[in-house]
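Taking it in order: structure first as structure tokens, then the write-up.
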Amino acid sequence: MKAVEVLQRNSRGAFTVPAHGLYPYQWLWDSAFIALGWTQVDWERAWQELLCLFDYGQGPDGMLPHIIFHEQSRDYFPGPDVWGREARAQPATSGITQPPVVATVVRYLYEKDPDRARARERARYLFPKLLAFHRWLYHARDPYRTGLVVIVHPWESGMDNSPAWDKPLSRVPVENLPPYERRDVKHVNPEERPRKEDYDRYLSLLYLFRRLEYDPREIYRQSPFKVVDVGFNAILQRANRDLYALAVLLQEDPYEIEEWIVRGEVGLEALWDREAGFYFSWDLVAGEPIAVKTSAGFLPLFAGTPHQGRASLLAQEAERWGEKARYLLPSVDPTSPFFEPGRYWRGPVWINVNWMVAEGFRDYGFAALAERLKADALALMEREGFREYYDPLTGQGRGGEGFSWSAALALFWTR
Ligand code: 9WN
């Protein structure tokens with residue numbers, strides 16, 4: 001199937017499902033990448049993807065949920081009944097968020113849409129909503145103003161079963177969990193998905209947040225999983241820069257955003273581990289760094305915060321990973337004992353990460369590395385089709401088929 005056909009097949013009017021069957025709703029960061037793909041097909045449709053996120057998903061407090069349950073489906077678990085937020089909003093939504101890449105995408109659409117009147121109108125409409133989302137992130141997830149926000153659930157990282165979450169997640173108590181039936185393993189080989197121990201804890205956190213009625217202050221106080229994810233924060237930092245640029249272009253006051261940028265840069269660079277020569281996430285509950293090298297550790301390049309020396313060390317690190325793995329970029333250091341080449345976020349290559357990291361390397365002048373990330377991504381898609389992820393050693397496609405963001409980024413990257 002061609003990339004554009006994947007998008008068309010997964011389009012449900014104004015939004016796009018990540019994969020038919022496996023993921024039957026609208027996901028937050030997926031829609032942002034997907035909108036980039038739509039720009040190569042139909043600019044109006046690209047804007048609709050984003051408008052749909054805000055018009056149907058955004059709460060009165062500015063929060064953007066990671067899933068909007070536009071339709072009924074028995075294909076996915078946990079659905080709207082488990083989240084228990086039907087009374088709050090229609091359509092129902094989940095009660096956690098996902099990496100805030102959307103402001104970066106809005107800036108791109110605003111700058112490149114050939115219909116200038118539409119671009120201005122849409123950007124003016126979306127700007128206050130983006131601002132409200134970022135404000136919510138700081139208010140709810142950085143109440144002590146450290147410059148870095150926490151995630152309270154592995155799903156919020158978008159890199160659900162990353163080995164970086166193993167230890168913090170192991171502290172989540174699993175008590176009185178109602179029996180449940182997973183649907184993901186009906187669509188995808190269980191060997192390529194998270195394990196039952198992970199799901200038990202994902203759900204235990206979900207039920208805790210539900211008992212707390214999704215009150216952000218209580219969640220921050222009581223969540224047994226609180227992690228400063230380097231990937232999430234790097235994406236936020238990049239998004240802040242793009243939001244700042246939008247504010248200037250739209251002649252809005254950028255002062256508040258400037259403050260986020262300044263504090264975010266200091267915060268992000270404090271996640272650099274001198275000994276390892278790499279960026280690590282931080283476990284806020286244990287008060288310690290999470291010394292596991294994952295692809296998220298390259299994302300500060302996308303944020304533009306490292307100085308050139310650190311960027312060079314990251315380039316050397318990526319080269320080392322590239323000697324072990326045929327295809328860049330594995331989601332986990334291939335020499336790590338945690339590396340599992342076929343299992344979800346524990347080793348496979350993901351197209352969206354390749355794109356963001358390649359953007360970063362390119363901006364720092366590592367053109368050959370950026371090209372390799374792109375060439376490897378395109379080769380994998382050419383070989384195996386638009387899969388959810390790929391084995392970095394063999395190139396074999398894994399997870400969902402007809403995966404929207406892979407198709408979208410193939411279109412966008414070859415524009
Ligand atoms: C939970 C939709 C989403 C992606 C995530 C990916 C996966 C969901 C799941 O699918 O997560 O949000 O059920 O496994 O990890 O990054 O947004 O494509």
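Observations, loosely collected:
- Charge tally around Tyr138: other residues with Cβ under 10 Å, Lys/Arg +1 each, Asp/Glu -1 each, net +1.
- For segment 121-171, the carbon plus sulfur part of the accessible surface works out to 54%, probe radius 1.4 Å.
- Rolling a 1.4 angstrom probe over segment 174-301 with all protein chains present gives an accessible area of which 47% lies on carbon and sulfur atoms.
- Whole-number accessible area per residue in Å² for segment 81-205, which is evaluated in the context of all protein chains at 1.4 Å: 42 Å²
- Amide H contacts of Gln26: Ile68, His70, each under 5 Å away and 5 or more positions distant or on a separate chain (H built 1.01 Å from N in the peptide plane; Pro and chain starts excluded).
- Taking every alpha-carbon pair under 8 Å whose residues sit at least 6 apart, segment 14-76 reaches a relative contact order of 40 percent.
- The amide H of Leu284, built 1.01 Å from its N in the peptide plane, has Lys226, Val227, Val228 as neighbours under 5 Å, considering only residues 5 or more places off or on other chains.
- Near Val332, the amide H atoms lying under 5 Å from its own belong to Ser295, Gly347; only residues 5 or more places off or on other chains count, and H is placed 1.01 Å from N.
- Residue-by-residue Karplus 3J(HN,Hα) for segment 148-164, coefficients 6.51, -1.76, 1.60, Hz, glycine and proline x: 10, 9, 9, 9, 10, 8, x, 4, 5, 6, x, 10, 3, 9, 3, x, 4
- Solvent exposure of segment 305-415 as accessible area per residue, Å², 1.4 Å probe: 35 Å²
- Of Lys186/Lys374; Lys293/Lys324; Lys167/Lys324; Lys186/Lys293, those spanning more than 20 Å from alpha-carbon to alpha-carbon: Lys186/Lys374; Lys167/Lys324; Lys186/Lys293
- Here the dipole of segment 338-415 is about 20 debye; that uses its Cα centre as origin and unit charges on the Cβ of Lys and Arg (positive) and Asp and Glu (negative).
- Mean Cβ neighbour count within 10 Å, used as a protection proxy, ranking 66-72, 176-182 highest first: 66-72, 176-182
- Relative to the current alpha-carbon distance between Glu269 and Glu191, full extension at 0.36 nm per residue lengthens the span by 24.5 nm.
- Shown for the chain are the DSSP H helices of 24 Å or more along their axis, judged by Cα atoms, with a mean Kyte-Doolittle hydropathy of at least -1.0: 116-141, 230-249, 367-384.
The values are calculated or read from the model by the stated rules, or taken from the named source; none is laboratory data. These numbers were taken from a predicted model, which means no experiment stands behind them. No Cβ is skipped: glycine too gets one built from the backbone with ideal geometry, and neighbour counts run over all protein chains shown. Just so you know, the surface numbers come from the protein's heavy atoms only, side chains and all, with ligands and any DNA or RNA stripped out. Shrake-Rupley method; radii C 1.70, N 1.55, O 1.52, S 1.80 Å.
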